[in-house]
Amino acid sequence: MLVVCLEGCHGSGKTELCRSFAESGFTVLDEAFMDMPAYALHPQSLLMETMWATQWFRHVLEKASKLAPEERSRAVFVADRSPFSAVFYSRRDGALLEPVIRSQIGEIAEEAGIHIITAHLAVDPELLWSRIQSRLKLEPFRVKYREGEREWMDTTQSWYNGFDWDVTIDNGSQSIAELLDLAVEAIREASPHARRLLDAASISVGSGSPASSVRGPDGAFEASGACEVSCAAAAHNVTPVKRPAAQRGGSSGSQTPSGRDSPASMGHAAASEHAIDFDLAATAEDFEGAH
């Protein structure tokens, strides 16, 4: 079983790429596949972010347990964000989570046969800022997540650019179909397991062909009946972008973000003690944001 986790700064294109994966036949796990309860703690406290990461693994294990062994051996899921999001979005000591999560990823691969690949969508800063501004015109409510602040974008993008992801995919001016092709090829080259699953595919990508899909609670797509489907490798000769160790910034943790583009019901409410008055009684709709 393979789980591909799309990561990146807000506005980097995760939602569009998830939608494209779904339309190509993949099962997409948006953050709504988890349900985090509300407690007295801030949802971005270290403890709540630790619980969120643990819940992420638990739900992936539950997905796997519902598949027959033959299905599980060839299943491919695409997830909007990975447990590593908790490293950045924890308001304090988030760096403590990184080695634990890396060990858990190794453990789940070794003992459960679930292989996780993290794919970072990298965007030129000026292009990213332009996309964020365009999105704000259509969705002005995002200002409460500080998405209108260039400094916040720079801080978030700096962390994502410096973190050690399995693959990095440049999301520039190409079409979404071309981006999907690039992503599939980069993931295919990331590990022998990914290559085997993707090479055994029966569905081609980037063609824009329709797929059976339904919208989740936050408007994201989840392809129905796609847990048995993998995807044909694209015809591009693309090598995943991997930074040498000397260029990796590693985990900074202890960020104080005012929001991430996800629903509060998953424990990732867009709130900050520095910028937003957080109401523990608020509903998920009060903080809901598309990816």
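Remarks
- Close pairs (6 angstrom Cβ cut-off, 6 or more residues apart or separate chains): over 13 Å from G11 (Cβ atoms) in the range 142-159, assigned to a loop (DSSP other than H, G, I, E, B) anywhere: W159/S252
- Flag for S173 being under 22 Å from E23 (Cβ atoms), loosely packed, with under 15 Cβ neighbours inside 10 Å and at pLDDT below 85: no
- Some residue of the range 67-80 being farther than 22 Å from S103 by Cβ and touching a Phe, Trp or Tyr at 6+ places or on another chain (Cβ under 8 Å): yes
- All conditions in (1) at pLDDT 95 or above; (2) charged (D, E, K, R); (3) touching an Asp or Glu at 6+ places or on another chain (Cβ under 8 Å) hold for R188, with the sole exception of (1).
- Candidate set: the range 39-74, residues that are assigned to a loop (DSSP other than H, G, I, E, B) and either of a type in the set (K, R) or closer than 21 Å to E7 by Cβ (or both); chosen: the one modelled with the highest pLDDT: K66
- Checking R195 against (1) over 24 Å from R19 (Cβ atoms); (2) out of contact with any Phe, Trp or Tyr (no Cβ under 6 Å at 6 or more places or on another chain); (3) at pLDDT 95 or above, the condition it does not meet: (3)
- Within the range 74-117, being touching a Cys at 6+ places or on another chain (Cβ under 7 Å) and polar (S, T, N, Q) holds for one residue alone: S82.
The values are calculated or read from the model by the stated rules, or taken from the named source; none is laboratory data. Please read all numbers here as calculations on a predicted model, not as lab measurements. Every residue, glycine as well, gets a Cβ built from its backbone with ideal geometry; the counts of neighbours run over all protein chains shown.
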